[in-house]
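The values are calculated or read from the model by the stated rules, or taken from the named source; none is laboratory data. Predicted model, so just to flag it, every value in this text is computed and none were measured. No Cβ is skipped: glycine too gets one built from the backbone with ideal geometry, and neighbour counts run over all protein chains shown.
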Amino acid sequence: MPDARKLLFDLKKTYPDNLDVAGKLAANLLPDDVVRARTEIDQILKADAANAAGLLLLGQIQFNSGEYDKVEETFKKSPTLKSTYPQAEFLLGQVAMKKGQTDQAQDHFQKSLSVNSRYLPARAALAELLMSKSKFADSRTEVKTMLAVQPNFVPALILDATLDLAEKKYSDAEPKLTALVKSQPNNSLVHRQMGLYYDARGRTSDAEKSLLRALELQPDTQKGLQDLIQFYMRTKQSDKAIQRLTAVPDDKKQALHYELLGLVYAQAARTSDAEKAYQMALLKDPSNTNTVGYLVALYLKSGRLDEGLKELDVLIKGNPSNAGAHTVKGMIFEQQGKIQEAKQSYAQALKVDPNYETAGNNLAFLLAEQGQDLNTALGWAQMARKKQPDNPGIADTLGWVYFKLGSYLLARDQLQFAVGKQPDNPVFQYHLALIYKETKQIPEAQNALKKALNSPKDFKEKSLAQAALKDIASLK
């Protein structure tokens with residue numbers, strides 16, 4: 001890279017107005033001299049405001065600085081950008097990931113690969129995303145494709161071992177990771193993955209050594225610090241985590257340092273310290289949605305719902321497209337008994353992201369409870385069920401909507417699944433009992449109601465369950 005940079009500067013002197021030279025020089029400077037790179041980009045865009053290469057470089061700068069909405073705006077200025085450069089859709093996918101929009105991210109990564117199927121960063125990102133969705137077979141397919149293109153592509157080799165860990169194939173993962181450590185002794189990501197392997201195997205001391213080595217190799221990486229602190233939290237070593245974070249000089253502490261401190265303090269039940277840490281994190285980075293979420297969770301846990309709503313309003317003002325923030329706001333309104341406001345918040349979340357299953361499930365349940373707009377409720381409940389097929393709560397919602405629509409057999413299937421997953425859930429048992437009553441399965445209905453009422457957990461339908469049991473008894 002230094003040799004390339006010297007050559008590019010020589011070319012710049014000879015051809016000061018050449019836009020190709022400006023673009024290549026900007027790309028070379030981007031990692032460590034953003035100001036100088038921006039000068040070259042400005043020259044390109046001044047000559048041609050729709051220059052795809054210049055806009056792509058500008059979008060990269062905006063992404064690196066966390067200006068995610070600006071990236072999307074920038075890429076709209078060239079009609080050919082996304083169809084010419086795979087990096088454009090890849091960056092848009094990264095933006096979607098930052099916003100928690102995983103389905104949109106997957107779509108962008110796949111579009112990037114449709115532009116250039118050999119663009120490995122997009123394929124690696126897609127493989128990692130599929131793995132996060134527990135679509136391990138699909139993720140492995142992407143890994144195999146990467147290794148066919150470039151057999152020694154380290155991100156693919158790491159993902160291969162990570163998939164083994166995710167599927168608990170430890171005997172397969174260990175030799176792969178050992179070989180990577182040997183061939184890539186100075187690769188931080190390899191040591192990180194080795195640390196996670198040791199952690200999964202209960203080898204705490206080895207895990208700590210590997211995670212410390214990963215951070216030593218890349219001391220400025222936030223992910224390395226985050227991994228180490230989360231490891232300390234998992235292993236109940238709060239003191240080590242606090243010591244590591246507080247050792248960072250105050251003038252060098254970034255938002256992440258304070259956010260992690262807040263998490264550690266919250267785990268240690270030091271609520272006041274956690275709140276102060278989160279507030280310091282937001283002073284450093286007011287747009288950090290994760291920190292706001294943690295602070296809101298802290299307020300909710302301590303019953304300070306109004307303060308939680310205020311923080312969510314600030315977050316939504318800064319990022320109106322945050323479906324999660326709208327959804328949490330709806331959940332707070334539910335706790336406050338403000339059902340209409342809750343429905344509006346869930347609807348807004350779904351307007352922003354029609355595939356946000358938590359909002360869809362919650363809105364469907366409220367509509368079913370009120371017996372309103374049941375066809376709409378059915379659509380949202382089916383979407384949520386498709387997104388999370390193993391979630392018993394979502395199955396309960398879909399079953400309850402079917403019950404309200406009079407589709408008792410379909411309702412029964414859903415509730416039997418939910419009860420099979422959580423037999424001690426009194427609400428599931430109550431719902432199943434009412435369905436059994438409609439399908440004339442009276443002994444089963446009576447048994448389900450007894451299970452609901454014998455549960456040590458309180459539930460708001462308890463008096464209705466008692467009345468239903470008396471009603472069924474009178475039928476005999």
Long-range neighbours under 9 Å by Cβ, at least six apart or interchain, first residue farther than 22 Å from residue 79 by Cα within segment 31-60, second not in a helix (DSSP H, G or I) = 31/1; 34/65; 37/30; 37/31
remark   = Filtering segment 21-30 for residues that are free of Cβ contacts under 8 Å to residues at least 24 places away in the same chain and not in a helix (DSSP H, G or I) leaves a count of 0
query = Any idea which of (1) of a type outside the set (Phe, Trp, Tyr); (2) surrounded by 14 or more Cβ atoms within 10 Å (Cβ to Cβ); (3) in contact (Cβ under 8 Å) with a residue 24 or more places away in the chain is the one residue 203 doesn't satisfy?
reply = (3)
request  = Determine which member of the set 137, 166 is small (Gly, Ala, Ser), surrounded by fewer than 18 Cβ atoms within 10 Å (Cβ to Cβ) and without any contact (Cβ under 8 Å) to a residue 12 or more places away in the chain.
outcome  = 137
query = Here are some residues: 27, 53. Which one is closer than 17 Å to residue 71 by Cα, within 37 Å of the chain's Cα centre (by Cα) and surrounded by fewer than 20 Cβ atoms within 10 Å (Cβ to Cβ)?
reply = 27
request  = Quick one: in segment 414-458, of everything that is of a type in the set (D, E, K, R) and within 30 Å of the chain's Cα centre (by Cα), which residue is surrounded by the most Cβ atoms within 10 Å (Cβ to Cβ)?
outcome  = 421
query = Of the residues that make up segment 119-134, is at least one surrounded by fewer than 17 Cβ atoms within 10 Å (Cβ to Cβ) and on the phi > 0 side of the Ramachandran plot?
reply = yes
key: Set 443, 456: member being part of a helix (DSSP H, G or I), more than 27 Å from residue 372 (Cβ to Cβ) and not acidic (Asp, Glu)   = 443
query = Is there a residue being part of a helix (DSSP H, G or I), free of Cβ contacts under 8 Å to residues at least 24 places away in the same chain and under 19 Å from residue 100 (Cα atoms) anywhere in segment 302-311?
reply = yes
ask   = What number goes with the only condition from (1) among the small types (Gly, Ala, Ser); (2) farther than 27 Å from residue 105 by Cα; (3) surrounded by 13 or more Cβ atoms within 10 Å (Cβ to Cβ) that residue 47 does not pass?
value = (3)
ask   = Would you say residue 70 is surrounded by fewer than 21 Cβ atoms within 10 Å (Cβ to Cβ), part of a loop (DSSP other than H, G, I, E, B) and basic (Lys, Arg)?
value = no
key: In segment 113-140, the residues that are more than 30 Å from residue 292 (Cβ to Cβ) and of a type outside the set (A, V, I, L, M, F, W, C)   = 114, 116, 117, 118, 119, 123, 138, 139, 140
inquiry  = Would you confirm whether or not segment 2-19 contains a residue that is under 27 Å from residue 93 (Cα atoms) and either in contact (Cβ under 8 Å) with a residue 12 or more places away in the chain or not aromatic (Phe, Trp, Tyr) (or both)?
reply    = no
message = Residue under question is residue 345, and the condition is that it be part of a helix (DSSP H, G or I) and in contact with a helix residue (DSSP H, G or I) (Cβ under 7 Å, 6 or more places away or on another chain); does it hold?
response = yes
task = Could you check, for segment 85-94, whether at least one of its residues is under 30 Å from residue 325 (Cα atoms), over 20 Å from the mean Cα position of the chain (by Cα), among the small types (Gly, Ala, Ser) and crowded, with 16+ Cβ neighbours inside 10 Å?
result = yes
task = Go over the candidates 359, 368, 395, 342 one by one and state the one that is touching a His at 6+ places or on another chain (Cβ under 8 Å) and crowded, with 16+ Cβ neighbours inside 10 Å.
result = 359
note = Selection from segment 264-276 of residues buried (at least 21 other Cβ atoms within 10 Å of the Cβ) and either farther than 21 Å from residue 309 by Cβ or modelled with pLDDT under 85 (or both) yields 264, 265
task = Among residues belonging to segment 106-118 that are assigned to a helix (DSSP H, G or I) and either surrounded by fewer than 23 Cβ atoms within 10 Å (Cβ to Cβ) or touching a residue at least 24 places away in the same chain (Cβ under 8 Å) (or both), point out the one that is nearest to the chain's Cα centre (by Cα).
result = 106
message = If the requirement is being of a type in the set (Asp, Glu), under 22 Å from the mean Cα position of the chain (by Cα) and at pLDDT below 95, which of these qualifies: 160, 138, 103?
response = 103
